[in-house]
Ligand SMILES: Nc1ncnc2c1ncn2[C@@H]1O[C@H](COP(=O)(O)OP(=O)(O)OP(=O)(O)O)[C@@H](O)[C@H]1O
Ligand SMILES: [Mg+2]
């Protein structure tokens, strides 16, 4: 288990100063670790969960500025307070510019130390809380997290259609966020203070769908002892979300079409025509066009629903979003499960990024929840992940600088040739992986590799990689 107390690391080459400072902070209720130079400081940082660093600037081996930069590289939210001697404020300013949280001047004033430490730790907590709100400005507009093209395209559509009465049809595999988008449409419309009513068409027996949708009058069927409004009426002025619309029986589709076209209907067993103003959002993970050819979905209803289609990409088509999603769920489950997992180790993130996620974001969410629950380290490790994920990865690409194991030094060709062969093999592997991660989407793979799409196409040609059949229309 992680310690309850906050861990403070003190790095200073003066033993006396370490002693005084650590005695005070221990008294104030912190766990204190010390290091006598920058090098040892870095070691402590890598091996421990540290909440705050207080470091001298002038030290043997690795100096304070280097320690500061490296510490922030490891954890950009880590507060680092630097210690300066009187008359060396210039170096403190330089440290602040490089991201130090604040500075303390020697000799210390106890209260100043206390207040800076408390402030630094509070700021760190707030930084974490911002992530939990999903970094709303850039990464999570409409509460939908992602930076991939697939998701930013959806932001653009949402922006245009959220505040209109237009019918929207959301499609996508299970767990891709269809319901989340339906909510977003409602909450970003002028209807947001009116009801959002949901009906899962797959969850109700066929014979009850009509009365669920349109309500019924007393005596409409055996058991109808009173009258009841349906979801259309309940959603009046608001949004009606019909989930799993592909499961709605054909007989009902005609009635639904009429209700949509005329904005009117009758309750089951009723004679009065009811008018409502309802915005309809429908979702399905079925291929409705296929259902049309099979005769189980009406073409006219399809066109009526499909005014604005939103297709949610599968997670494997937008693997670049996996790290931000993981971070989002990490914060969420840390909070919910009262844990303090600070991140994900690189090899665990590789496993997460390379898995195919048939259950999409819901599956990812469950995996992170489980991993956070069982984790007893500062970061999630590969062993915290379920075995089926670990099994699914191909061998990781060799680290750069790691010679391929099967590299044979034969008589022909010198070092240069061997390096060239090894490099192109590595390149091929990395490009192949990027394509695999993005489901063969060249545009997305290029973004992942930080090269232009054209550049990637040339590279693929050079490496003898064909544009995959799985590439989605770009
Ligand atoms: N882009 C996203 N950012 C953050 N959370 C997401 C995102 N997409 C989906 N989720 C979360 O993943 C889970 C599944 O999403 P949702 O229920 O909307 O999927 P769905 O497509 O309706 O699935 P199903 O077809 O199985 O009903 C939810 O907890 C949702 O909040
Ligand atoms: Mg759903």
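The values are calculated or read from the model by the stated rules, or taken from the named source; none is laboratory data. Small disclaimer: the values here were computed from a predicted structure and weren't measured. So basically every Cβ, Gly included, is an ideal-geometry build from the backbone, and we count neighbours across all protein chains shown.
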Would it be correct to say that residue 176 is within 13 Å of ligand 1 (Cβ to nearest atom) and either modelled with pLDDT of 85 or more or more than 28 Å from residue 6 (Cβ to Cβ) (or both)?
yes
Has the range 308-316 got any residue that is without any contact (Cβ under 8 Å) to a residue 60 or more places away in the chain and buried (at least 20 other Cβ atoms within 10 Å of the Cβ)?
no
Has the range 219-229 got any residue that is surrounded by 16 or more Cβ atoms within 10 Å (Cβ to Cβ) and under 16 Å from residue 282 (Cα atoms)?
no
Residue under evaluation residue 300, criteria (1) surrounded by 16 or more Cβ atoms within 10 Å (Cβ to Cβ); (2) more than 16 Å from ligand 2 (Cβ to nearest atom); (3) within 30 Å of residue 238 (Cβ to Cβ), criterion not met:
(1)
Mind checking whether some residue in the range 314-321 is in contact with a helix residue (DSSP H, G or I) (Cβ under 9 Å, 6 or more places away or on another chain), within 26 Å of residue 169 (Cβ to Cβ) and within 16 Å of ligand 2 (Cβ to nearest atom)?
yes
Among the residues listed as 235, 259, 282, the single one being touching a residue at least 60 places away in the same chain (Cβ under 8 Å) and closer than 25 Å to residue 187 by Cβ:
282
Exactly one of (1) surrounded by fewer than 23 Cβ atoms within 10 Å (Cβ to Cβ); (2) closer than 21 Å to residue 123 by Cα; (3) in contact (Cβ under 8 Å) with a residue 12 or more places away in the chain is unmet by residue 44. Its number?
(2)
Against the condition over 30 Å from residue 236 (Cα atoms), within 16 Å of ligand 1 (Cβ to nearest atom) and outside the structural domain of residue 179 (by TED's automatic domain parsing), how does residue 339 come out, does it pass?
no
Considering residues of the range 3-41 that are assigned to a loop (DSSP other than H, G, I, E, B) and touching a residue at least 60 places away in the same chain (Cβ under 8 Å) only, the residue farthest from the chain's Cα centre (by Cα)
12
What number goes with the only condition from (1) surrounded by 14 or more Cβ atoms within 10 Å (Cβ to Cβ); (2) away from ligand 2 (no atom under 14 Å from the Cβ); (3) under 30 Å from residue 363 (Cα atoms) that residue 265 does not pass?
(3)
Subset of the range 232-242 [surrounded by fewer than 21 Cβ atoms within 10 Å (Cβ to Cβ) and within 21 Å of residue 181 (Cα to Cα)]
234, 236, 237, 238
Can we say residue 374 is in the same structural domain as residue 240 (by TED's automatic domain parsing), away from ligand 2 (no atom under 16 Å from the Cβ) and either more than 28 Å from residue 280 (Cα to Cα) or modelled with pLDDT of 95 or more (or both)?
no
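Being within 16 Å of ligand 2 (Cβ to nearest atom) and within 28 Å of residue 158 (Cα to Cα) narrows it down to one of 238, 230, 246, so name that one.
Residue meeting the stated conditions: 246.
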